[in-house]
Amino acid sequence: MNRRTASLAIAGSLLSALALSAMPASADEAKEKCFGVALAGQNDCASEGGNSCAGTSKVDYDKAAWKLVPKGSCETTMIKLPDGMERAGSLTPIES
């Protein structure tokens, strides 16, 4: 591989990486964080409290764990808690 071919390959890789990194931002615009609806181990990254990264929640429907959901659907999402009560998702961490 000569220098020109190598330079073109590197430039192409860099442009591809930049294009891919821009894609999630536009996809996330149609989603919102919804607290209290994630199953154990299925929360999205950067949740609050002890769930600092994706998949680290230990219990179903942790009030501090969030999951990305389609925009406008969070507060209408109803979950059934283990004690039989129902609760809607929340756009902010759920207080105890």
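The values are calculated or read from the model by the stated rules, or taken from the named source; none is laboratory data. Everything numeric here is computed off the predicted structure, so don't read it as measured data. Neighbour counts run over all protein chains shown; Cβ positions are idealised from the backbone, glycine included. Remember, those area values only see protein heavy atoms, side chains included, never the ligands or the DNA or RNA. Shrake-Rupley method; radii C 1.70, N 1.55, O 1.52, S 1.80 Å.
Output the number of the condition that G55 fails; it satisfies all remaining conditions of (1) at pLDDT below 90; (2) open to solvent by 50 Å² or more (accessible area, probe 1.4 Å).
Condition (2) is where G55 drops out.
What number goes with the only condition from (1) open to solvent by less than 40 Å² (accessible area, probe 1.4 Å); (2) modelled with pLDDT of 70 or more that A6 does not pass?
Tallying (1) open to solvent by less than 40 Å² (accessible area, probe 1.4 Å); (2) modelled with pLDDT of 70 or more, A6 fails exactly one: (2).
Considering each residue of the stretch 63-80, count those that are open to solvent by 40 Å² or more (accessible area, probe 1.4 Å), under 15 Å from A38 (Cβ atoms) and part of a loop (DSSP other than H, G, I, E, B), and give that number.
So the count comes out to 2.
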